[in-house]
Amino acid sequence: MFPKGTKRKFSDSGEEPVSSGEQSQAATSAAARTLSSSYSLQRQSLLDMSLIKLQLCHMLVEPNLCRSVLITNTVRQIQEEMTQDGTWQIMTQALAAAQCPGDRLVATEVLCRQSDAAGQAGQNPKPFSVVGLEEGYHSEEVVMEGDVETEVTMSTLSPVSPQLSSASYLAGPFGMGPCWEEEEEEDGECEEDEEDSEECVSEGEEGDRDHLSADSRIREQVFGTFEIKHPAPPPDPALEELFSDVDPSYYDLDTVLTGMQSAPKMGPYDLLESLSSHGPTALSSSSSCRSDLNELDHIMEIIVGS
Amino acid sequence: MGEDTDATPTLNHRGFLPDHNYVTEADIISTVEFNHTGELLATGDKGGRVVIFQREPESKTEPFSQGEYNVYSTFQSHEPEFDYLKSLEIEEKINKIRWLPQQNAAHFLLSTNDKTIKLWKVSERDKRPEGYNLKDEEGRIKDMSTVTSLQVPVLKPMDLMVEVSPRRVFANAHTYHVNSISVNSDYETYMSADDLRINLWHLDITDRSFNIVDIKPANMEDLTEVITAAEFHPHHCNLFVYSSSKGTLRLCDMREAALCDKHSKLFEEPEDPSARSFFSEIISSVSDVKFSHSGRYLLTRDYLTAKVWDLNMESKPLETYQVHDYLRSKLCSLYENDCIFDKFECAWNGSDSVIMTGAYNNFFRMFDRNTKRDVTLEASRESSKPRAVLKPRRVCAAGGKRRKDDISVDSLDFTKKILHTAWHPNENIIAIAATNNLYIFQDKLNSEMH
């Protein structure tokens, strides 16, 4: 945690995110911290950017394990900070409650509903401060106008302890602690991340059980939401569809990080066109992939046989 | 590097004359390396080719053409490969070249791409045998009836021919991408390092290598650190160093254990808590590590600084040089455009008194360790004609007070990066790779190193 008032060299403008005036208010509640919305926005956009980079890892000309590790560590760092702030749980709960594929309008609807959803589900009662709520709604309005690329900026939250398990499970399967699968490991192990999540949440309450079933959906939606909300590429229906109902094993960055280069010189979105025609780690279990796998078995037999 | 009688830095940058601008067509240079005498300079490129330059012997008649480097040999070292099992393409880009010390008339070098290391023999042929009994000059079999007497073939001079042949191929030992190779001072072994493992090879044995460092975690989800560079000590054949993406250096002694996972020394600078940001770890990742020629110091390069470490002091570097601190406030943009992941190399001069490293906008920097002076120079055809003296450049903050020829931080071209530089082992001659151009600069006024 940063000491209050410490200058964070984060943004290019070098803003001082924590104003001293809010210190006394923040100090009153034990774990609550006041974040300026601009810092949260910047942090959120950094998180979005990092997730995009990780997703597009395999589309690079030169996939790079070092780069992926550094980006992942950055995401973990942001995630840890957000968990401490309580922002993380809000976001994932909102997405879990939403349970629908991401698209811009729906995502904002989710945001508007989030405090209700959390309250109604009764899963993890969170005492929101009025200030926080207002600020949250304020930012939601901004989102609906389509200006801002980020989601939640709930300012004052107190983290709830039962969510520790969700925080830890998020560390695993979020794709941030991904499966850096080595090439020789089996595909079965690619599901590790899901298992981890289940382990961590095993003794959870009902709310956590919901999370269990929803965690893969959460990941999809989180990724889907991030993907859609990133303003840089124009919303590509193919892209959205691809990421919205994606199979979790897609985020296993095994061959990604060990140098998958099935489309070495393509641009980021050109690959989607040809994705289905590539090897067994392609997104969907299309028949072409199955035939590739069969071919692979066949080749293996030949090699082993000789 | 000579006394300065005026205000110019001791480096006497004014003495650096651009010797030649070699344009290697099409491809981007990915590595540059002088051999142990400095007579030969090898470059590797993205297309898998190696170009070797040789220094012309000095001639009294043309003083300005003395010591120029001309192309000696070009060969295709690595070809693109396709790994059918994993549906992966293996790039042919040459990541590193290292020369072996010369032991006979031939020269040997190691070149590596992501997966395979090759040992090449470079030899000259300037004589050929003539006067065979059974074959004529064109190689055709002679008609036996025309052969009336026996003759002994003699060697006659011919045009110089440089032959390059692969002598060893060290393959299939690395799962991850090879980033470094280093020849041991015993001249018998060498090591190759990838992101997670370091292997030790014997130069004569290609079907076996020993794994000496393995930082792969049992659960790949726990992976947080990779190996970024590795090098053997120049004199002690049992010592080597490797750097990590977390900014640490580990000195290992091969005598301690077969697997050198436990370091003998760990060099790490404690983090400054007030400077911490989300990018702290990324910019602390060490992109290159080089032993000094004396073997007493280590030079490391991370994103914004170059550091000199004393092998006897693990707690912090001896000296820290700011390469381009004006980028510190731009880290978010540099993260966005991936420039923050650029891996710059660094180099010592022959006497370990000056260090050099590259930057953006085709700038490169030199720091004199004794006088603490530094200079920024540019490698580009526009700014330096052949034989002209390089003039120092300056980067000023955006909106800051500008002198003539200063360049603002916002005008820097981040696509023009100098990642690879090399310094002649004995003289003040440097080789700078700027994308697909190679620049060789010589300090004519101070050719002796001080």
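Okay, here's what the table says:
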| quantity | calculated |
| --- | --- |
| Isolated Cys in chain B, by beta carbon distance under 4.7 Å | B:Cys237, B:Cys332, B:Cys339, B:Cys346, B:Cys396 |
| Chain B: most fluctuating residue of B:Asp45, B:Asp194, B:Asp253 per GNM, C-alpha cutoff 10 Å | B:Asp253 |
| Simple spin-label estimate for B:Ser408 and B:Glu124 in nanometres, 7 Å along Cα-Cβ | 5.4 |
| Links that overshoot a 23 Å alpha carbon limit, given the list A:Lys53/B:Lys307; B:Lys96/B:Lys372; B:Lys372/B:Lys416; B:Lys307/B:Lys417; B:Lys93/B:Lys127; B:Lys330/B:Lys372 | A:Lys53/B:Lys307; B:Lys96/B:Lys372; B:Lys372/B:Lys416; B:Lys93/B:Lys127; B:Lys330/B:Lys372 |
| Listed peptides B:107-117, B:197-207, A:43-53, B:413-423 by packing density, highest first (mean Cβ within 10 Å) | B:107-117, A:43-53, B:413-423, B:197-207 |
| Net charge dipole size for the range B:149-219 [Lys, Arg +1 and Asp, Glu -1 on Cβ; Debye, nearest 20] | 120 |
| Nearest-20 debye value, the range B:184-262 charge dipole, Cβ charges on Lys, Arg, Asp, Glu | 160 |
| Within a Gaussian network of chain B (alpha carbon springs, distance under 10 Å), most fluctuating of B:Asp352, B:Asp186, B:Asp368 | B:Asp186 |
| Separation in nanometres of the label points that stand 7 Å from Cα toward Cβ, at B:Arg140 and A:Gln84 | 8.7 |
| Chain B - charge dipole about Cα centre, Lys and Arg +1 at Cβ, Asp and Glu -1, debye rounded to 20 | 620 |
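Each value in this text was obtained by applying a stated rule to the coordinates, not by laboratory testing. Given the structure is predicted, the values throughout are model-derived calculations rather than measurements. Glycine gets a Cβ as well: all are built from the backbone with ideal geometry, and neighbour counts include every protein chain shown.
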